[in-house]
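The structure appears right after this line, and notes come after that.
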């Protein structure tokens, strides 16, 4: 395997690994197996290093592709077009893919339905309204927030859900006559994230 193919392969692997903690919840949501969503949250602390490695490998690959070639050897192979996998177009596609993967945490929430558009406006008396805050382990990006909010909003009687990965919490306002704390906890548990007692 040529060094160029190794660099391209390394770029793809590191770009995916850098966003794996955010890719998994979306893939799990789409597949309907949301319990595995937080499986790769342990990668989050390594994300800056994986991003740096991805960019370094891309820079080396582009340098090798664009550097001047010594023309000392006279051969007739110059007329041949390079294979697509060895072309600048393929390296450009790999570079674009890497950028999309590295930026994934910033746009991953678009894959979750907006629960506010699907809910009716409901008025609840203050006596029936309750607010609870849960500490959540495993959230690493806005995609994780969207996953929890989407799952909890499926319950009848939920008035508002706001997850925050930086604070590691989820605040739920709900109608006590329609939904219980246990049902909310179960919905959060379905996502694969853990409630910290």
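Since every read-out is calculated from the coordinates, none of them should be taken as a lab result. Bear in mind that the values here come from a model prediction, so they are computed numbers and not experimental data. Neighbour counts are summed over all protein chains in view; Cβ atoms, including those assigned to glycine, are modelled from backbone coordinates with ideal geometry.
How would you rank 190, 5, going from fewest to most other Cβ atoms within 10 Å of each one's own Cβ?
On the way: 190 17, 5 12.
With the fewest neighbours first, 190, 5 line up as 5, 190.
Between residue 162 and residue 69, what length comes free when the chain is fully extended (0.36 nm per residue of separation minus the Cα-Cα distance, one decimal in nm)?
Contour length minus Cα-Cα distance gives 27.8 nm.
Mean shadow of region 112-196, computed from the convex hull of its alpha carbons, in nm²?
Convex hull of Cα atoms, orientation-averaged projection: 5.1 nm².
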